[in-house]
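Below: one structure, written as structure tokens.
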Amino acid sequence: MHSTHSTLSSLVERALTGNQRPLEFYLRDQSRLPGPRANLELVDDVSDLFAELVKEQPDKVRSLLSYFISDDHKKVVSNTPAEFVVLSGVVAFGACAAALPKWRSEVFELLDQFASSTCWRVRQGVERAFQRLLIAAPQETINYLAIMAARGNYYQQRASIAAIAEPSLLFSSETQQAGLSILTIILERLHSAPAFDRKREDFRVLRQTLGYAGSVITAAAPERGFALMRTCATWGDTDVVWILRENLKKKRLARFVEYTAELSELLA
């Protein structure tokens with residue numbers, strides 16, 4: 001592990017002097033793509049290194065990370081080493097903005113853009129980047145996620161709820177309330193979606209994310225979470241009913257027997 005970290009540090013140092021290719025080749029080689037699971041540990045290691053360096057070398061870090069994410073505009077293909085490079089750049093931008101406050105507004109907008117990437121791992125990277133920011137600047141990040149939930153497209157809505165629906169982040173009443181508020185906004189928007197939208201891929205991806213995210217937030221704030229789900233159950237919306245049923249299957253809600261039984265009756 002120490003040897004791997006030394007290699008990575010050396011490659012990052014070389015990349016910051018203008019020799020980006022060895023680091024790029026290393027990321028591609030170690031990506032584990034194509035395959036079922038990308039090397040997310042490496043993504044985190046790279047992001048941590050850049051977050052350590054960004055305060056002293058912000059311009060060089062920005063230039064290098066911009067180089068990494070530039071491939072997305074060339075329509076990188078999913079499940080490839082090229083996708084991994086973009087993923088690494090996106091998460092690193094989030095880690096750097098967490099460390100350097102003056103980057104945040106710019107990086108929020110960048111993540112907003114990449115939330116609609118054609119590659120699902122890049123979209124996952126947006127989620128992980130926002131989670132870095134939620135730890136460093138919770139209220140500022142929550143405010144931006146709420147805007148994405150209220151105004152964004154289906155992919156951007158997915159990013160906003162996926163970012164905050166993380167058990168390790170839902171330890172405070174403020175974050176729990178933010179999660180519930182974002183979940184409410186998105187469910188209401190989904191309920192009002194026209195029929196022709198509901199056959200689209202971006203709508204399907206949002207629906208799939210909501211199929212677990214509600215249970216994460218509800219497990220952290222059960223009384224308010226189940227109250228929201230009971231309200232949604234009265235809408236008679238087939239997609240919302242599917243979402244609620246998927247959440248009821250999650251083991252994290254199994255201990256709330258009284259609440260789940262009541263909701264199951266409403267959905268029967």
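The values are calculated or read from the model by the stated rules, or taken from the named source; none is laboratory data. This structure is a prediction, so every number in the text was calculated from the model and none was measured. Methodologically, a virtual Cβ is constructed for each residue, glycine included, from the backbone with ideal geometry; neighbour enumeration extends over all protein chains shown. With ligands, DNA and RNA removed, areas are computed over all heavy atoms of the protein, side chains included. Shrake-Rupley method; radii C 1.70, N 1.55, O 1.52, S 1.80 Å.
So the values come out like this:
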{"quantity": "Accessible surface of the chain [probe 1.4 Å, protein heavy atoms]: carbon and sulfur percent", "calculated": "52"}
{"quantity": "Residue-by-residue Karplus 3J(HN,Hα) for the range 261-268, coefficients 6.51, -1.76, 1.60, Hz, glycine and proline x", "calculated": "5, 5, 5, 4, 5, 5, 8, 5"}
{"quantity": "Net length gained if the chain between Asp48 and Glu265 were fully extended (0.36 nm per residue, minus Cα distance)", "calculated": "73.4 nm"}
{"quantity": "Candidates per trypsin sites (Lys or Arg not before Pro) in the range 1-106, loop by DSSP, up to 16 other Cβ within 10 Å", "calculated": "Arg32, Arg37, Lys55, Lys75"}
{"quantity": "Nearest-0.05 FRET efficiency for Glu41 and Thr234, computed from C-beta distance (R0 41 Å)", "calculated": "0.40"}
{"quantity": "For the range 90-97, 3J(HN,Hα) per residue [Karplus equation, 6.51 cos²θ - 1.76 cosθ + 1.60, θ = phi - 60°, Hz, x = Gly/Pro]", "calculated": "5, 5, 5, 4, x, 5, 5, 5"}
{"quantity": "Paired Rg and Dmax values of the chain, which use every Cα atom, in angstrom", "calculated": "19.6, 63"}
{"quantity": "Cut-off 14 Å between beta-carbons: net charge of the residues surrounding Glu265, Lys and Arg +1, Asp and Glu -1", "calculated": "0"}
{"quantity": "Distance from the range 1-51 to the range 197-268 (C-alpha centre basis), Å", "calculated": "39"}
{"quantity": "FRET efficiency for Arg200 and Lys60, using Cβ-Cβ distance with R0 set to 45 Å, rounded to 0.05", "calculated": "0.65"}
{"quantity": "Integer Hz, Karplus 6.51/-1.76/1.60 couplings in order for the range 113-120, x for Gly and Pro", "calculated": "5, 6, 4, 9, 4, 6, 9, 5"}
{"quantity": "Per residue accessible area in Å² of the chain, where ligands, DNA and RNA are left out and the probe is 1.4 Å", "calculated": "46"}
